[in-house]
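Take a look at the structure set out below.
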Amino acid sequence: MSHDCSTPTIADGTYVFDARGIARRFRHAAIFGALDALHPGERMRFCNDHDPLPLLSQITNVFGRKVNIEYVSRAPGEIVIDFIVAA
């Protein structure tokens with residue numbers, strides 16, 4: 001399955017967040033800020049070069065059931081995760 005994380009998909013409530021273009025020291029703050037800005041029913045499609053397991057744990061601890069996590073792709077070098085804000 002191929003994913004183009006450079007093209008925003010907003011019509012269906014999905015916002016693309018490509019972490020690969022953000023300096024590592026700013027990534028977590030940017031991701032948490034983006035998740036906090038989403039409205040119920042919206043989703044953020046997160047693209048990264050590695051599986052961010054510590055980040056996912058932090059998101060679960062901070063947001064709990066408010067944010068659902070769904071993998072779209074776990075291909076090496078092409079991790080795509082949808083973060084969906086519960087309605």
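From the list Ala37, Ala86, which residue is closer than 19 Å to Thr14 by Cβ, loosely packed, with under 12 Cβ neighbours inside 10 Å and in contact with a helix residue (DSSP H, G or I) (Cβ under 9 Å, 6 or more places away or on another chain)?
Checking each option against the conditions leaves just Ala86.
Return yes or no: is Arg74 over 9 Å from the mean Cα position of the chain (by Cα) and modelled with pLDDT under 95?
no
Report, by residue number, each residue of segment 37-77 that is part of a helix (DSSP H, G or I) and either touching a residue at least 24 places away in the same chain (Cβ under 8 Å) or among the aliphatic types (A, V, I, L, M) (or both).
Of everything in segment 37-77, those that are part of a helix (DSSP H, G or I) and either touching a residue at least 24 places away in the same chain (Cβ under 8 Å) or among the aliphatic types (A, V, I, L, M) (or both) turn out to be Ala37, Leu53, Leu55, Leu56, Gln58, Ile59, Val62, Phe63.
Looking at (1) at pLDDT 95 or above; (2) within 12 Å of the chain's Cα centre (by Cα), find the lone condition where Val62 falls short.
The failed condition is (2).
The values are calculated or read from the model by the stated rules, or taken from the named source; none is laboratory data. Only a predicted model underlies this, so the values are computations on that prediction, with no experimental measurement involved. Don't worry about glycine lacking a Cβ; one is built from the backbone with ideal geometry, like all the others, and counts go over all protein chains shown.
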